[in-house]
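One structure is given here, and the rest of the page talks about it.
The values are calculated or read from the model by the stated rules, or taken from the named source; none is laboratory data. Being a predicted model, the structure only gives us computed values, none of them experimental. Backbone-built Cβ (ideal geometry, glycine too); neighbour counts: all protein chains shown.
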Amino acid sequence: MEVCLQDLQSGKTIVYLGAQTLQNSSIPWEKESLILALNGGRAMVPKLMKEVAKAAMAIEQRRGRGHLEGMCAKIFGLDNEPNDFQKRLVKLKPLVVVDTNYDASLPLLYQKMPHFLLKGFARVAAKPSRFEGYIYKDGKYERSDFWDGTIPLLYKPLGAILPEPNFVISDADFVDWLTEAMGGFAFPKWFKEFRKGKNTIFLGTSFSLDTSRMVAREILQNTTGGIIAKKDLPTKGEERFFKQQKISCIKMDYLEFIQKLESEK
């Protein structure tokens, strides 16, 4: 499968971003460094250092939800500068970007233009659904239930600090979000319709964990497969996932892929 710049700009191809795209930024993106940041710089027991969601759950149980969300707001706050990749991606003007990271860098870059922000919510938000939509215009976000396809769509399924802090980060958050997603309550109807027949380019993503595979599978239901830019060899779990989801690998990293798209301008 070939993916060209026009496919991104028309919305035929959805851009799906993972944690590796935060390299060269001030945000801890590797699981060990993020867990240390969430726990105030202190290492946790070895079994909790293996997965962010489990570590976050332990912190929430020990210190409370308010403490966990406060740490997330501090780590992923508005003072983080967008990195070079994020700036280059926005300049390419993709119509639809799914950003599974928690930082506000892309929303801040998108605030230079009208855009639609679709945001996921954790179980503790006391909302009837696990999403909310906002249109950004006249310098502020306004609640909106519908994206008309004429402006860029930025989807932050696991939350962000904007317009209000909320993060799907602990084990319990993911269990709840995935349960709602499987029941069809984590997405608006128009997104379910839009994604039908689309393909996806995965940049800076790893699907070595069950949770990351399950989140992607729910978000991309009824899409037709896609491409992952990946230099390292896939794990056995990733190989199975790629086969099931009709995802093919190309031997380049996300920066090389962005450079390829830039050459088409």
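Let's see how each residue does on (1) aromatic (Phe, Trp, Tyr); (2) more than 16 Å from the chain's Cα centre (by Cα); (3) surrounded by fewer than 14 Cβ atoms within 10 Å (Cβ to Cβ):
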residue	(1), (2), (3)
SER10	no, yes, yes
ILE27	no, no, no
GLY41	no, yes, yes
MET44	no, yes, no
ALA53	no, no, no
ALA58	no, yes, no
GLY64	no, yes, yes
CYS72	no, no, no
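Looking only at segment 115-146, residues that are among the basic types (Lys, Arg) and more than 20 Å from the chain's Cα centre (by Cα) come to 4 in all.
Mind checking which residues of segment 166-205 are in contact (Cβ under 8 Å) with a residue 40 or more places away in the chain, small (Gly, Ala, Ser) and out of contact with any Gly (no Cβ under 6 Å at 6 or more places or on another chain)? Selection gives SER170, ALA172, ALA181, ALA186.
For segment 163-192, the set of residues classified as surrounded by fewer than 23 Cβ atoms within 10 Å (Cβ to Cβ) and among the aliphatic types (A, V, I, L, M) consists of ALA172, VAL175, LEU178, ALA181, MET182, listed by residue number. For segment 212-237, the candidate set comprises residues that are assigned to a helix (DSSP H, G or I) and over 18 Å from the mean Cα position of the chain (by Cα); within that set, the residue that is surrounded by the fewest Cβ atoms within 10 Å (Cβ to Cβ) is LYS236. Number of residues in segment 4-52 that are closer than 24 Å to LYS265 by Cβ and aromatic (Phe, Trp, Tyr) equals 1. None of LYS50, LYS87, LYS93 is outside the structural domain of VAL15 (by TED's automatic domain parsing), touching a residue at least 12 places away in the same chain (Cβ under 8 Å) and out of contact with any Phe, Trp or Tyr (no Cβ under 9 Å at 6 or more places or on another chain) except LYS50. Within segment 79-114, the set of residues being under 17 Å from the mean Cα position of the chain (by Cα) and over 17 Å from LEU17 (Cα atoms) comprises ASN80 only. Every condition in (1) within 16 Å of the chain's Cα centre (by Cα); (2) farther than 25 Å from HIS115 by Cα is met by LYS156 except one, and the failing one is (2). Scanning segment 14-22 for any residue that is among the small types (Gly, Ala, Ser), in contact (Cβ under 8 Å) with a residue 12 or more places away in the chain and in contact with a Gly (Cβ under 9 Å, 6 or more places away or on another chain) turns up at least one such residue. Cβ-Cβ contacts under 6 Å between residues 6 or more apart (or on different chains), taken from a first residue in segment 209-222 that is under 18 Å from PHE131 (Cβ atoms) to a second residue that is among the small types (Gly, Ala, Ser) and surrounded by fewer than 16 Cβ atoms within 10 Å (Cβ to Cβ), are absent. In segment 59-77, the condition of being farther than 20 Å from ASN166 by Cβ and not assigned by TED's automatic domain parsing to the domain that holds VAL215 is met by at least one residue. Among the residues of segment 105-140, those that are among the small types (Gly, Ala, Ser) and modelled with pLDDT under 90 comprise ALA122, ALA125, ALA126, SER129.
Select from segment 197-254 the residues that are closer than 21 Å to LEU89 by Cα and of a type in the set (Lys, Arg) and write down the one among them that is modelled with the highest pLDDT. If we take residues in segment 197-254 being closer than 21 Å to LEU89 by Cα and of a type in the set (Lys, Arg), then LYS198 is modelled with the highest pLDDT.
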